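The values are calculated or read from the model by the stated rules, or taken from the named source; none is laboratory data. Keep in mind the model is a prediction, meaning the values are calculated, not measured. Note: ideal-geometry Cβ built from the backbone for every residue, glycine included; neighbour counts use all protein chains shown. Accessible surface areas use protein heavy atoms only, side chains included; no ligands, DNA or RNA. Shrake-Rupley method; radii C 1.70, N 1.55, O 1.52, S 1.80 Å.
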Amino acid sequence: MKAIIRTSFERDGFRYGDKAVPEIGENDVLLKVMSVGLCGSDMHALDGHSDSLPIGCTPGHEMAGVIAQVGENVKRWKVGDRVAADSAGYVCGTCQACIQGNYAQCKELQGMGYGLDGGFAQYVRIPGDVLLPYPSVLVPIPDNISFDEACTIDPAANGYYAIVQEAKLMPGQTVAVVGAGPLGLAAIQAAKLVSARKILVLVRKSTKQMHRDAAIQYGATDILETDGDVDLRQFVAQMTDGVGLDLIVDTAGPHSLYELYFDLLKKGGDIVKVGYGFEPHGAPLNNIMFRSQRILGHMGYNPTSWHYVLKLMEAGMIDQQSMITHVLPLSDFFKGVELMRNRDCIKVVFHPNDEE
Ligand SMILES: [Zn+2]
Ligand SMILES: [Zn+2]
């Protein structure tokens, strides 16, 4: 089969080439990948910043497709089922996090496309190691949801998890979403669904018009630049009657902006940190203490987020289709990578089986 294969830990240490179709064990499922999304976290590895995926392995964790083969013990799924796959590939099933159903925090977690072979391939093995303790990592896709949309449940569930489950944003509250990529847009959609009164989106001067338009389409009430001319502290004070924002969801990750975020946040307000950053942070720790503000950690989603996001997509209340700006054959993988590097896309989706 064709697949993207890691060749080194350097920048662009990947190639498009041939690889054996995975063999499956008695509890495994073989997925024929119809659509697989390129994610910001894949870019960490492509940029040479992450070595969690071993050499010879295949990246990719936002996958949807058709079940091509099932192990002899597998009764729950059958060949031909349309499914989307969560990114978990191995969990221990017995640690404290696993017992509480919070397998994203499993101390032995290995992700599809992180520690294990992932979905930038024509076929991928979904291990029984995760299917036995957590069958919900593989979800059936309703007929009215395409494979392209289904492979973006991952980022949609991420935004839902941050806004609804972690921050518990209430109707009428105010939120700033930092970043207008797929995770930012997912957070905007979720904030709109819970009837946030104001959804301020913070971008950079360099943010492309396509991302700004999408933010507005998904429900942003204002878009401002963190490196622009508008005084954000004054703007937010006016917007919130001097109270400050109830919530900030940071999907972009620049640590240098944390001092600003806490100034924009109300007393007792929360920041959910979704994005990954590299610089030292500027969080004013004593102010945070006096003002009872919190930074909430964030890791992906859980089965609850997947369940409700899928229901909302089925009901037409979450729109993932319009953030898919490019659909490419897997042989054009590096074209997709360049689109991401130049921010000339929102979501890039590959079709590994179009080139058979
Ligand atoms: Zn992702
Ligand atoms: Zn565990």
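So which of Lys19/Lys78; Lys198/Lys347; Lys107/Lys273; Lys32/Lys311; Lys19/Lys208 end up more than 31 Å apart by C-alpha?
Over 31 Å apart, Cα to Cα: Lys19/Lys208.
At a probe radius of 1.4 Å, what is the per-residue accessible area of Thr304, in Å² to the nearest 10?
In the full protein context, Thr304 sits at about 60 Å².
Can you tell me how segment 172-250 classifies by the Cα gyration tensor, rounded, prolate or oblate, using a/c under 1.5 as the rounded cut?
Because a/c hits 1.5 or more and a/b fails to exceed b/c, segment 172-250 counts as oblate.
Is segment 274-356 best put as rounded, prolate or oblate by its Cα gyration tensor, with a ≥ b ≥ c the root eigenvalues, rounded for a/c under 1.5, and otherwise prolate when a/b is larger than b/c, oblate when not?
oblate
What per residue convex hull volume, in Å³, comes out for the chain when only alpha-carbon positions are used?
With only Cα atoms used, the chain gives 129 Å³ per residue.
Report the antiparallel proportion of the DSSP beta bridges in the chain as a percent, rounded to a multiple of 5.
55
Once each part is reduced to its C-alpha centroid, what is the distance from segment 68-132 to segment 277-356 in angstrom?
20
Excluding residues on the same chain fewer than 8 positions from Lys267, give the lysines whose Cα lies under 17 Å from its Cα.
Counting by Cα, and skipping residues close in sequence, Lys267 has these lysines nearby: Lys168.
Tell me what the chain gives for mean residue ellipticity at 222 nm when only DSSP H runs of n ≥ 4 count, each as -39,500 (n - 2.57), the sum divided by the residue total, rounded to 500 deg cm²/dmol.
-6500 deg cm²/dmol
Label-point separation (nm) for Asp227 and Asp263, each offset 7 Å from Cα along Cα-to-Cβ?
Modelled inter-label distance: 1.8 nm.
So what's segment 216-356 giving for Rg/Rh, alpha carbon basis, Kirkwood Rh from the mean inverse pair distance?
We get a ratio of 1.04 for segment 216-356.
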